[in-house]
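Q: The structure is given below, and queries will be raised subsequently.
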Amino acid sequence: MKKVFIICMVAVIMSLFFLAGGNKVKAEGAGEIEVTKIDYSNLTVCIDTAGNNICYYSKDKNKWYELEYIRAAGGDLIMDISWTNANADTKIYFKGDKNEKVVTLTLPKKNAALKCKFDSADGSLEFDETEDATQFQWKKSTDTVWTTVSLNESSASFKNFVNSLESLRFKGAKIIVRTPYQNGTGILDTGARVSKEITVMIPKRANAPSVSVNLTKLTVNTNDTLEYSLDGGLTWTDCEKNMAVSDILGGRASGTVKIRKAATEKAGYSKTATLVIPERAAAPAGVSHYTENKMTVLQINEASVQDPYEYAVIKPGYSFDETTSPWRGISSSKPVKINKTTAPAGSIICVRKKGKTANAAKGIALTLPSKYTQIVVTE
């Protein structure tokens, strides 16, 4: 009987040993809790329980809470982190029921040091304190859709962004910028939260300069703060003060000239004025003249208030400069009498059709003075 009792005791002890051993193997088969993803778009963390039946989490390693079993499609637990403080680094501790090694996840605070300002000179944005961000996002202040742009200024997306800014400068606008979130892959790569948002004012461009042609001097009222383009704005050339029409057209008979205030270190270029300069008409052929009572008489039947003409007298021994010589108007078909004091024998009388200043409100286009015809005074 004693022998049977001893055998039974040995059997019980061995059973307990194997049970204990089995539990030990089971505990050793569970790995430490692993964070597999930090998703800042949904503000969640994915956790691989690694064979543990329960995952605990804590904010201070003193109080531990069981994580509810909400699982992703791949089987990982999903933990909400919307309660964490985005303005400070936040530590969350994890451990399993079988493997109690504590795993520490440090969620980074958002970038609150980001700086951004508009550069009026080059029409772009200047960023500072972007941390490790390679992109930024922007939207109009009244919009809800964010557009992602590379911080590399030579990239296509950045160039497209600058073009978008240009379209906003007609009236001016407010935009909001930030650096985007970057999801993390684990405790060693915790990614980045969305940064703070910055409101940037995009100023409207200064008004276009008021440009016109002096029909007497045949000059444009330019100055050295302006620039002009003859190719539709592809290239720009600095203006000089009161440029001659022939100079600004580059020797062309006519053309469309775009003029704007040039950019400076503190301000971008202005809106653009467009000046359409037509070709000068041929010298008038319908000018008759004769001598009457020792005076030269001009007769222009087509002259009127709506279509005026003008003339200039060059006395013998004087040179003629069309842009500086005084011109006298003829606004009717009545004969114009010029005495010998004004036009002595040997004088030359130049006659041309008067130009017209542009007036968009009245539908009047710019017309340059025509070329001139010459009449020699013989008596």
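No value in this document is a laboratory result; all are computed from the given coordinates. Not measured: the values here are computed from a predicted model. Positions of Cβ are generated from backbone atoms using ideal geometry, with glycine treated the same way; all protein chains shown enter the neighbour counts.
Q: In deg cm²/dmol, rounded to 500, what helix-only [θ] at 222 nm does the chain give when every DSSP H run of at least 4 residues adds -39500 (n - 2.57) and the total is split over its residues?
A: Helix contribution divided over all residues of the chain: -4000 deg cm²/dmol.
Q: May I ask you to give the average projected area over all directions of the convex hull of the Cα atoms of the stretch 115-202, in nm² rounded to one decimal?
A: Averaged projected hull area, Cα only: 6.2 nm².
Q: Loop-only check: which trypsin sites (Lys or Arg not before Pro) in the stretch 160-214 are DSSP coil with at most 11 other Cβ within 10 angstrom?
A: Counting only loop positions with at most 11 other Cβ atoms within 10 Å, the trypsin sites (Lys or Arg not before Pro) in the stretch 160-214 are LYS171.
Q: Compute the angle between helix 2-28 and the longest alpha-carbon principal axis of the chain, please, reported from 0 to 90 degrees and rounded to the nearest 10.
A: The angle comes out near 10 degrees.
Q: Quickly work out the VAL297-to-ALA282 label distance, labels modelled 7 Å from Cα along the C-beta direction, and quote it in nm with one decimal.
A: 2.8 nm
Q: Simple spin-label model, 7 Å along Cα-to-Cβ: ALA73 to ASN163 in nm?
A: 3.6 nm
Q: A further question follows. Of the labelled options (i) -0.53, -0.98; (ii) -0.77, -1.00; (iii) -0.60, -0.94, which one gives log10 I(q)/I(0) by the Debye sum over Cα atoms at q = 0.09, 0.12 Å⁻¹ as computed for this structure?
A: (ii)
Q: Pick out, in residue order, every one of the chymotrypsin sites (Phe, Trp or Tyr not before Pro) in the stretch 58-134 that is DSSP loop and has at most 13 other C-beta atoms within 10 Å; say none if there are none.
A: Of the chymotrypsin sites (Phe, Trp or Tyr not before Pro), the ones in loops of the stretch 58-134 whose Cβ has at most 13 other Cβ atoms within 10 Å are TYR69, TRP83.
Q: Something else: When the expected Rg is taken as 2.2 N^0.38 Å, what fraction or multiple of it is the alpha-carbon Rg of the stretch 288-376?
A: 1.17
Q: What residues of the stretch 26-70 lie in the reach of a label at SER82, counting those whose backbone N is under 15 Å from a point 7 Å from the Cα along Cα→Cβ?
A: 39-45
Q: Given Cα pairs under 8 Å that are at least 6 residues apart, what percent is the relative contact order of the stretch 213-277?
A: Once normalised by length, the contact order is 28 percent.
Q: Compute the relative contact order of the chain as a whole-number percentage, counting only Cα pairs closer than 8 Å that sit 6 or more residues apart in sequence.
A: Over the chain, the number comes to 10 percent.
Q: How far is helix 156-168 tilted off the main Cα axis of the chain, in degrees rounded to 10, range 0 to 90?
A: 50 degrees
Q: Given Cα pairs under 8 Å that are at least 6 residues apart, what percent is the relative contact order of the stretch 34-107?
A: 31 percent
Q: Among ILE54, ILE198, which comes first, second and so on when ranked by fewest other beta-carbon atoms within 10 Å?
A: Fewest to most other Cβ atoms nearby, the residues stand as ILE54, ILE198.
Q: Can I ask one more? Going through the stretch 130-185, which GluC sites (Glu not before Pro) have at most 15 other Cβ atoms within 10 Å and a DSSP loop state?
A: When the GluC sites (Glu not before Pro) of the stretch 130-185 are filtered for loop state and at most 15 Cβ neighbours within 10 Å, GLU131, GLU153 remain.
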